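Undergrad: Please see the structure below; I have some questions.
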Amino acid sequence: MKSKLITTLFLLLIATASCNVVDSISGNEENDNPIELYPILLDGEWGYIDKNGSVKIEPQFQNADVFSDGLARVRYRWSWKYINENGDFEIEGDFQSIENFNDGLAAVRIDDRWGYINKKGNFAVNPRFRSAYPFSSGRAFVRSIDYSEYYYIDKNGIRIESVSLPDDMDFVENNTFSNGRALVNDDDLFGYIDQKGNTVIELKYPEARPFSDKLAAVKISDKWGFIDNSGSVVISPQFISVGDFGNGLAPARSSTNQFGYVDKNGSSVIEEQFDEVETFNEDRAAVKIDDKWTFIDKSGNQISSAKFDEVDAFYNGLARVTIVIPIDDEFEDRYGYINKSGSYVWFPTN
């Protein structure tokens, strides 16, 4: 496999912490054309198949992730690297950990500090954070190196500040921007900020979820409802539990111990019948029935019998599924892919 780029600046970072090691982020916009390659595990090594199930990058990696923003993170000979769609190494370095590219940048860890690199492999934001999360809409959520605070930065590493920004934000797992809003938490109350850091929806909810498909779930008193971008309630609080909207539908539980789906009017369109559910994506949603998973379409029809032990959301037309196989006294995970009709494109292997 041919290496295209070896990042050499990492050995200089400890001695050189000034801005001269920071490259411009221009020219690193997100690729709008997704790469339709999918990681597979075969005989203990990871490679990639195409949408038809043909091997395109031979299994050779210890770990492999999906392509994101034109590159995929892999582990090769105990080192983390990024590859392109041909399987060539694009970025190599002395990384302890790396994350996927999003919005043109990727979080990487070196010397126990996180920073962000661009697609040239150069640091756009020097490593100086205890933890760092993906960029979205030009913003990323980070934790200070002394553990004392969380805040947002822009692509130059500059802290986002506003007079209406909460003084002491707490950790929020779903911290990316969506529909121009990010979920924030301060003293166990949730609200939303815009990209400038302004509080645009007051921190007043005891529980809340991020915006998705232009609506956000919030808990008012003891029931869940949904608000729009302005904070106006568009679906009154009436649900015991909900998930996020996707493809116009959201998981919801109103009167039973099982889940169904509602539309943006709050009307039930798929009756409550599933033990567990996930958000719709690419017009398919994962549902759990009698301890096994399958997928349904927007009419509630199953695309296969419930036979999978784990599933991932659909991604460019395929979904990864996991079958757990008992072998002697142990269990072994085998990974496969199905299409939107529920047919195998890649039968589960290990």
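Undergrad: Take the stretch 287-339 and flag every residue that is surrounded by fewer than 20 Cβ atoms within 10 Å (Cβ to Cβ), among the aromatic types (Phe, Trp, Tyr) and free of Cβ contacts under 8 Å to residues at least 24 places away in the same chain.
TA: The one that is surrounded by fewer than 20 Cβ atoms within 10 Å (Cβ to Cβ), among the aromatic types (Phe, Trp, Tyr) and free of Cβ contacts under 8 Å to residues at least 24 places away in the same chain: PHE331.
Undergrad: Could you tell me which of the residues SER255, SER236, SER230 is surrounded by fewer than 19 Cβ atoms within 10 Å (Cβ to Cβ), assigned to a strand (DSSP E or B) and either at positive phi or among the hydroxyl-bearing types (Ser, Thr, Tyr) (or both)?
TA: SER236
Undergrad: When VAL172 is evaluated against the numbered criteria (1) assigned to a strand (DSSP E or B); (2) open to solvent by less than 30 Å² (accessible area, probe 1.4 Å), which criterion, by number, is the only one it fails?
TA: (1)
Undergrad: Report, ordered by the first and then the second residue, all pairs with beta carbons closer than 9 Å, sequence separation of six or more or different chains, a first member in the stretch 199-217 that is within 15 Å of ASN174 (Cα to Cα), and a second member that is at pLDDT below 95 and open to solvent by 20 Å² or more (accessible area, probe 1.4 Å).
TA: Taking only residues 6 or more apart or on different chains, not a single pair turns up.
Undergrad: How many of the residues in the stretch 156-169 are in a loop (DSSP other than H, G, I, E, B) and open to solvent by 40 Å² or more (accessible area, probe 1.4 Å)?
TA: Residues in the stretch 156-169 being in a loop (DSSP other than H, G, I, E, B) and open to solvent by 40 Å² or more (accessible area, probe 1.4 Å): 7 in total.
Undergrad: Scanning for something closer than 27 Å to ASP283 by Cα and aliphatic (A, V, I, L, M), does the stretch 184-207 turn up at least one residue?
TA: Checked against the condition, which is being closer than 27 Å to ASP283 by Cα and aliphatic (A, V, I, L, M), the stretch 184-207 yields no hits at all.
Undergrad: Counting only residues that are open to solvent by 50 Å² or more (accessible area, probe 1.4 Å) and among the hydroxyl-bearing types (Ser, Thr, Tyr), which one in the stretch 113-137 is farthest from ASN174 (Cα to Cα)?
TA: For the stretch 113-137, the residue satisfying everything is SER137.
Undergrad: Something else: Considering only residues that are more than 16 Å from SER162 (Cβ to Cβ), of a type outside the set (Ser, Thr, Tyr) and surrounded by fewer than 21 Cβ atoms within 10 Å (Cβ to Cβ), which ones fall in the stretch 175-184?
TA: ASN179
Undergrad: Where in the stretch 260-350 are the strands (runs of 3 or more DSSP E), entirely inside, with at least 2 residues that are in contact with an Asp or Glu (Cβ under 6 Å, 6 or more places away or on another chain) and more than 23 Å from ILE240 (Cα to Cα)?
TA: Passing ranges, in order: 319-327.
Undergrad: Just to check your reading of the model, which residue among GLU99, GLU85 is at pLDDT 95 or above and not in a strand (DSSP E or B)?
TA: The conditions single out GLU85.
Undergrad: How many residues does the stretch 185-208 hold that are more than 23 Å from the chain's Cα centre (by Cα) and open to solvent by less than 30 Å² (accessible area, probe 1.4 Å)?
TA: Counting residues in the stretch 185-208 that are more than 23 Å from the chain's Cα centre (by Cα) and open to solvent by less than 30 Å² (accessible area, probe 1.4 Å) gives 2.
Undergrad: Let me ask something else about it. Restricting to the stretch 227-262, give me the number of residues that are of a type outside the set (Phe, Trp, Tyr) and more than 23 Å from the chain's Cα centre (by Cα).
TA: The qualifying residues number 18.
Undergrad: Another question, then. Need the failing condition index for PHE67 against (1) surrounded by fewer than 19 Cβ atoms within 10 Å (Cβ to Cβ); (2) within 27 Å of GLU332 (Cβ to Cβ), just the number.
TA: Here PHE67 clears every test but (1).
Undergrad: Applying the selection to the stretch 261-286, what residues are buried (at least 18 other Cβ atoms within 10 Å of the Cβ) and in contact (Cβ under 8 Å) with a residue 24 or more places away in the chain?
TA: TYR261, VAL262, ILE270, VAL277, GLU278, THR279, PHE280, ARG284, ALA285, ALA286, listed by residue number.
Undergrad: Test ASP154 against the stated conditions and say whether it is free of Cβ contacts under 8 Å to residues at least 40 places away in the same chain, among the charged types (D, E, K, R) and over 21 Å from GLU99 (Cα atoms).
TA: no
Undergrad: Among what's in the stretch 43-57 and is open to solvent by 20 Å² or more (accessible area, probe 1.4 Å) and within 22 Å of GLU332 (Cβ to Cβ), pick the residue that is farthest from the chain's Cα centre (by Cα).
TA: ASP43
The values are calculated or read from the model by the stated rules, or taken from the named source; none is laboratory data. All values derive from a computational prediction rather than experimental measurement. Don't worry about glycine lacking a Cβ; one is built from the backbone with ideal geometry, like all the others, and counts go over all protein chains shown. In case anyone asks, the SASA skips ligands and DNA or RNA and just uses the protein heavy atoms, side chains included. Shrake-Rupley method; radii C 1.70, N 1.55, O 1.52, S 1.80 Å.
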